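**Student:** Pasting a structure below so you can have a look.
Every read-out reported here was derived from the displayed coordinates using simple, explicitly stated rules and does not represent laboratory data. Just so we're clear, the structure is a prediction, and the values are computed from it rather than from any experiment. Note: ideal-geometry Cβ built from the backbone for every residue, glycine included; neighbour counts use all protein chains shown.
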């Protein structure tokens, strides 16, 4: 039964209980779960691989992120905190065996290779499954607004279908079910993004209907002197995503990468609550830039009416933000990831 009308402390206690008693989301799928004193017991899974990416952007093993399981996250309206990368965005969703198997091509020091279909699939699955887990936690609580609760349930039902589709592809090794467009910047960024996106506006600032961009998974990360931007989707959803993809390709062909990064700057800030930033980047921003970034981070926090959608649309369409996630704050390097 869902909980409702609870205090923040009660909700956080409930979330902690669920996290502490979670079983593997892929129990009985493809391989046997890790044998522990509690069979199928989960471990803390990093949304963004620690040794491959978090360590690269960290300073003294620390990075800035949204601690979505901490009370201060809700009391301070989604402000970032500095934390040891050991604790950055960890979720108890999978047992050790499944965590290792499901992302075996993109973790443990494996570098990204263009054209690797297994990696494309795993990056997309990772962007989905962590958001799905967080949504499952939200569904433990009933919203007092019936309209919002109904929308949440419909969205949850759709997410279950997508999860089942990913799982079936994982079981059958059907990596070709995912298509991925790869963009590449000629320098490294100081953040990592891994999320599903459904922006209200396209690159040109025109209104995009909610649902038109169905299941587009975004990954942005630095590697060996460049930055990779991956946009992935199931092949059957191509018609929902190709307009945005074609816009990116158009500006890439024109070498107008600034148009792409200006657009993604807003999209990542407003969509990705699991964004991780290097202290080099976040601490280079002025107080005003940080405040503006946090304003974007809260932009889509609660959408109660069509008026809220219009407000968000105008914000994304008309404003030219001062904060810059793609700001160049360190020399380009070609060193291997360590």
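**Student:** Determine, for 90, 227, 181, 7, the number of other Cβ atoms within 10 Å of each Cβ, and report the residues in order from fewest to most. Can you show the working numbers first?
**Tutor:** On the way: 90 16, 227 22, 181 19, 7 8.
Ranked by crowding around the Cβ, least crowded first: 7, 90, 181, 227.
**Student:** Here is a follow-up. Looking at the square roots a ≥ b ≥ c of the eigenvalues of the Cα gyration tensor of the stretch 94-233, which shape do they give, rounded for a/c under 1.5, prolate if a/b is larger than b/c, or oblate? Before the final figure, lay out the partial values.
**Tutor:** Details: a/c = 1.93, a/b = 1.30, b/c = 1.48.
Cα axes put the stretch 94-233 in the oblate bin.
**Student:** Neighbouring Cβ atoms within 10 Å as the yardstick, rank 19, 239 fewest first.
**Tutor:** Numbers: 19 17, 239 10.
Least crowded to most crowded, the residues run 239, 19.
**Student:** At 0.36 nm per residue, minus the direct Cα-Cα distance, what do residue 317 and residue 174 gain on full extension? Give it in nm, one decimal, please.
**Tutor:** Numbers: separation 143, 0.36 × 143 = 51.48 nm, distance 3.82 nm.
Result: 47.7 nm gained on full extension.
**Student:** Subtracting the Cα-Cα distance from 0.36 nm times the residue separation, let me have the gained length for residue 149 to residue 291 in nm, one decimal. Numbers along the way, then the final one.
**Tutor:** Working: separation 142, 0.36 × 142 = 51.12 nm, distance 3.03 nm.
The span from residue 149 to residue 291 would gain 48.1 nm if fully extended.
**Student:** Compute the distance in nm between two label points, each set 7 Å from the Cα along the Cα-to-Cβ direction, one at residue 259 and one at residue 15.
**Tutor:** 4.0
**Student:** Between the alpha-carbon centers of the stretch 254-283 and the stretch 138-202, tell me the distance in whole angstrom.
**Tutor:** Spelled out, the Cα-based centre of one part sits 18 Å from the other.
**Student:** Return the Rg/Rh ratio of the stretch 153-199 with Cα-based radii and a Kirkwood Rh.
**Tutor:** Details: Rg = 15.0 Å, Rh = 13.8 Å.
Reported Rg/Rh, Kirkwood definition of Rh: 1.09.
**Student:** Turning to a different aspect of this structure: What FRET efficiency would be calculated for the residue pair residue 328, residue 110, taking the C-beta separation as r and a Förster radius of 45 Å, to the nearest 0.05? Walk me through the intermediate numbers first.
**Tutor:** Details: r = 27 Å, r/R0 = 0.59.
The calculated FRET efficiency here is 0.95.
**Student:** Right, next: Find how much the distance from residue 7 to residue 164 grows on full extension, using 0.36 nm per residue of separation minus their present alpha carbon separation; answer in nm with one decimal.
**Tutor:** On the way: separation 157, 0.36 × 157 = 56.52 nm, distance 3.34 nm.
Value of the extension gain: 53.2 nm.
**Student:** Next question, about the same structure. What FRET efficiency comes out for residue 60 versus residue 186 if R0 is 35 angstrom and r is the Cβ-Cβ distance? Round to the nearest 0.05. Display every interim value, and only then the final one.
**Tutor:** Numbers: r = 28 Å, r/R0 = 0.79.
For residue 60 and residue 186, the calculated efficiency is 0.80.
**Student:** Please arrange 20, 131 by how many other C-beta atoms lie within 10 Å of their C-beta, fewest to most.
**Tutor:** Numbers: 20 10, 131 20.
Ordered from fewest to most neighbouring Cβ atoms within 10 Å, 20, 131 come out as 20, 131.
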